[in-house]
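I have placed the structure first, in the form of structure tokens, so that the comments after it can refer back to it.
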Amino acid sequence: MADAIPVILATGKRKNAVARVRMIPGTGQVVCNGRPMTEYFPREVLHMRIHNPFEVVGAEGRWDVNARLHGGGISGQADALRHGIARALEKSDETLRTSLKRAGLLTRDARKKERKKYGQKGARARFQFSKR
């Protein structure tokens, strides 16, 4: 039996966005929901954030990424993808863990939208108060 191509699976999350990442050795192509990353994420800043894990470990252009994204908005999905890529890189080579951890890429950003409270206008904002 021939050697199988290693497929690395990982999940990244941010706010309500979830990214299921499949990585295989390749040319550095990133596909999100069947579309190229540059088409799916319109802003250049998001491209830089997504490629950040590869730059930290020096693996630019060595992995092809196929991701299924859902939930949240564009920015949250980009950060979820970044988290998923970092976790997949860690699975591919355990020695990369220290550099990814030091760059803060393996930490799940736990900040979420705070719920609106009853008797208030929003999460923290109150209805206007008049003393007289």
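Bear in mind these aren't lab numbers, they're just calculated from the coordinates by the rules spelled out. Owing to the predicted nature of the structure, the values given are computational and were not obtained by experimental measurement. So basically every Cβ, Gly included, is an ideal-geometry build from the backbone, and we count neighbours across all protein chains shown.
Remarks
- Every test in (1) without any contact (Cβ under 8 Å) to a residue 60 or more places away in the chain; (2) within 10 Å of the chain's Cα centre (by Cα) is passed by Arg20 save one, and that test is (1).
- Residues satisfying the stated conditions in segment 51-78, i.e. more than 12 Å from the chain's Cα centre (by Cα), among the hydrophobic types (A, V, I, L, M, F, W, C) and more than 11 Å from Met23 (Cβ to Cβ): Val56, Val57
- Listed by position, the strands (runs of 3 or more DSSP E) inside segment 1-75 whose residues that are closer than 19 Å to Leu100 by Cα number at least 3 are 8-14, 17-25, 63-70.
- Taken over segment 52-73, residues that are free of Cβ contacts under 8 Å to residues at least 12 places away in the same chain and either closer than 13 Å to Arg87 by Cα or surrounded by 17 or more Cβ atoms within 10 Å (Cβ to Cβ) (or both) amount to 0.
- Index of the failed condition, Ser130 passing every other in (1) of a type in the set (S, T, N, Q); (2) touching a residue at least 24 places away in the same chain (Cβ under 8 Å); (3) assigned to a loop (DSSP other than H, G, I, E, B): (2)
- Residue in segment 4-24 that is touching a Lys or Arg at 6+ places or on another chain (Cβ under 9 Å), loosely packed, with under 13 Cβ neighbours inside 10 Å and closer than 26 Å to Ala123 by Cβ present: no
- Here Val31 fits the description: free of Cβ contacts under 8 Å to residues at least 60 places away in the same chain and hydrophobic (A, V, I, L, M, F, W, C).
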